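The values are calculated or read from the model by the stated rules, or taken from the named source; none is laboratory data. Keep in mind that this is a model prediction, so the values were computed, not measured. Positions of Cβ are generated from backbone atoms using ideal geometry, with glycine treated the same way; all protein chains shown enter the neighbour counts.
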Amino acid sequence: MNIRLAKPEDLPSIQATNLQNLPENYLMKFWMYHILSWPQISFVAEDHKGRIVGYVLAKIDNGEYDEPKDSEKTEIHGHVNSISVLRSYRRLGLARKLMILSQEAMSTIYKASFVSLHVRKSNKPAIALYRDSLGFRVAKVEQKYYGDGEDALSMRLDLVI
Ligand SMILES: CC(C)(COP(=O)(O)OP(=O)(O)OC[C@H]1O[C@@H](n2cnc3c(N)ncnc32)[C@H](O)[C@@H]1OP(=O)(O)O)[C@@H](O)C(=O)NCCC(=O)NCCS
């Protein structure tokens, strides 16, 4: 298993993996925007034949477009938009490795002070990954965040710069 930076030519496979694994799906231009804007913080896992079996897609937010401004929002931080691993490749440590590589790059390259993400309240495997394995905490609960009305946990992890 190989983990490396995601490239624009990986996007069709990343999108296919996302469609298999999550109800939150995005247009190709969304994926492209992330890879081109922040090329050092999104990663893929590939099998021995070079097939994409997992990915993490992230962005950097400096809060400049957030209203109203507050000190937390204007801190430079990373945000994980999407992560998934194909079912037959789970519990091998791939998601943990993808997250750690992205977090390290957010911190060293962009001087991000924390990383944030949203997760469905019912998504026990993902919550276990973030909280128990990576050390994230729940910052707040966002009611009816998802299109189907489910609440999101807004989670964050402070990064050591
Ligand atoms: C969540 C997901 C990305 C985890 O991927 P993964 O590669 O299987 O995770 P890892 O093997 O790196 O797991 C690392 C740790 O996270 C926790 N964890 C991961 N999956 C878990 C599960 N099903 N049950 C309990 N704990 C789990 C464990 O602590 C695990 O360490 P361990 O295996 O030594 O016990 C994967 O289940 C997935 O793609 N789910 C569907 C998409 C999804 O929900 N994405 C997140 C959206 S917010």
When Val141 is run through (1) part of a loop (DSSP other than H, G, I, E, B); (2) touching a residue at least 12 places away in the same chain (Cβ under 8 Å); (3) more than 11 Å from the ligand (Cβ to nearest atom); (4) not aromatic (Phe, Trp, Tyr), the failure sits at (1)
Within the range 116-134, residues surrounded by 15 or more Cβ atoms within 10 Å (Cβ to Cβ) and not hydrophobic (A, V, I, L, M, F, W, C) come out as Ser116, His118, Arg120, Lys121, Asn123, Tyr130, Arg131
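A quick yes/no check of all residues on (1) in contact (Cβ under 8 Å) with a residue 40 or more places away in the chain; (2) under 13 Å from the mean Cα position of the chain (by Cα); (3) away from the ligand (no atom under 15 Å from the Cβ):
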position	(1), (2), (3)
Ser84	yes, yes, no
Leu92	yes, no, no
Ile109	yes, no, yes
Arg120	no, no, no
Ala128	no, no, no
Within the bounds of the range 116-123, is there any residue that is within 23 Å of Trp31 (Cβ to Cβ) and at pLDDT below 95?
-> no
Cβ pairs under 8 Å, 6+ apart or interchain, first in the range 95-106 and within 12 Å of Tyr130 (Cα to Cα) and in contact (Cβ under 8 Å) with a residue 40 or more places away in the chain, second assigned to a helix (DSSP H, G or I) and among the β-branched types (Val, Ile, Thr), ordered by first then second residue, are none
Scanning the range 35-58 residue by residue, those in contact (Cβ under 8 Å) with a residue 24 or more places away in the chain and over 19 Å from Val85 (Cα atoms) turn out to be Leu36, Trp38, Pro39, Gln40
Of (1) part of a helix (DSSP H, G or I); (2) within 16 Å of the chain's Cα centre (by Cα); (3) over 12 Å from Gly78 (Cβ atoms), Gly135 fails just (1)
request  = Report yes if Ser113 is surrounded by fewer than 18 Cβ atoms within 10 Å (Cβ to Cβ), near the ligand (Cβ under 6 Å from one of its atoms) and over 24 Å from Gly147 (Cβ atoms), otherwise no.
outcome  = no
Within the range 121-152, the count of residues that are under 21 Å from Val56 (Cβ atoms) and touching a Lys or Arg at 6+ places or on another chain (Cβ under 6 Å) comes to 2
Query raised in the report: Mind checking whether some residue in the range 6-26 is free of Cβ contacts under 8 Å to residues at least 24 places away in the same chain and assigned to a loop (DSSP other than H, G, I, E, B)?
Result: yes
Going through the range 56-82 in order, the residues found to be at pLDDT 95 or above and either in a loop (DSSP other than H, G, I, E, B) or within 16 Å of the ligand (Cβ to nearest atom) (or both) are Val56, Leu57, Ala58, Lys59, Gly78, His79, Val80, Asn81, Ser82
